[in-house]
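No lab work stands behind these numbers, since they all come straight from the coordinates. Just so it is clear, the model here is predicted, and its values are computed rather than measured. With ideal geometry, Cβ positions are generated from the backbone for all residues, glycine too; neighbour counts draw on all protein chains shown.
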Amino acid sequence: MSNYIIIQTKNQNKLEKAIYDLVDLYKDTSYAHGLQLYRKKGEYDKFVLRFKNQPDFERFNYFVNYLDYPMGLDAFSFKVYGFYNSSQLYEFSKLKNSGWLMIYTNLKDEHGDNVYIVNESNKTFIYDFEGNLTEIDTGVLPYKFISISQEDYHHIIDVHPPSKDKADKKLWWKFW
């Protein structure tokens, strides 16, 4: 199973806007091409974001952080949990081969550019966006793996950045 992000919100429109903004920020990377949004069947506030092109560990953490703190959507609140398979890690020996990692942000974190990572053994780490990984003594949230099954979700939308041709062209009626 590939890595994914679970999002809980009652505002699907704002979530879609945040995802489009995220794709626009990372449009020059392959990771931003083909983000897939799904909604859980029978529920209106549970979503899954999947990737056609799996981001590396660093970008995946950025995506979790961005979706929890989307720019320009300060009043937008939702819960975000990323799940990353540690077998795909090439760095951070402390995290390698520790199963699925649960990644989230901590509202009480003073820096805002950190994510918290919990492994299956309930060891908690802080990953800052300078690339540092620090194990902490007490975790904020206990590890809880949330498994997903494609059959339990409705596909909502695939998000791609606009092609460069379309983004660079001026509409013919807006020539003045």
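Cα centroids of the range 18-43 and the range 67-135: 18 Å apart.
Enumerate by residue number the chymotrypsin sites (Phe, Trp or Tyr not before Pro) in the range 28-57 meeting two conditions: DSSP loop (anything except H, G, I, E, B), and at most 12 other Cβ atoms within 10 Å of the site's Cβ.
Values: sites: 31, 38, 44, 47, 51, 57; in loops: 44.
Answer by residue number: 44.
With N as its number of residues, the range 4-174 has a Cα radius of gyration that, divided by 2.2 N^0.38 Å, comes to 1.08. Helical runs assigned H by DSSP (4 residues or longer) give the chain a calculated mean residue ellipticity at 222 nm of -5000 deg cm²/dmol, each run adding -39500 (n - 2.57) before division by the residue total.
Using a Gaussian network for the chain with springs between C-alpha atoms less than 10 Å apart, which of these wobbles most: 160, 111, 33? In the Gaussian network model the winner is 111. One decimal place: the segment residue 90-residue 147 gains 18.2 nm when fully extended, by the rule 0.36 nm per residue minus the C-alpha distance. Does anyone have the angle between helix 12-25 and the longest principal axis of the chain? Alpha-carbon axes, 0 to 90°, nearest 10? Once rounded, one gets 90 degrees. Loop-located chymotrypsin sites (Phe, Trp or Tyr not before Pro) in the range 85-118 (DSSP state other than H, G, I, E, B) with a sparse environment of at most 13 neighbouring Cβ atoms within 10 Å: 90.
Hey, could you grab the Kirkwood Rh for the range 61-130? Inverse mean 1/r over distinct alpha carbon pairs, Å, one decimal.
By the Kirkwood definition, the hydrodynamic radius is 12.7 Å.
Only Cα pairs under 8 Å and 6+ residues apart enter the sum, and on that basis the relative contact order of the range 50-125 stands at 25 percent. Here the relative contact order of the range 1-67, from alpha carbon pairs under 8 Å that lie six or more residues apart, stands at 41 percent. When 134, 29 are sorted by how many other C-beta atoms sit within 10 angstrom of their C-beta, beginning with the fewest, the order is 134, 29.
Counting only C-alpha contacts under 8 Å and six or more residues apart, can you give the relative contact order of the chain as a whole percent?
Answer for the chain is 24 percent.
Relative to the dominant Cα principal axis of the chain, helix 57-68 is inclined by about 70°.
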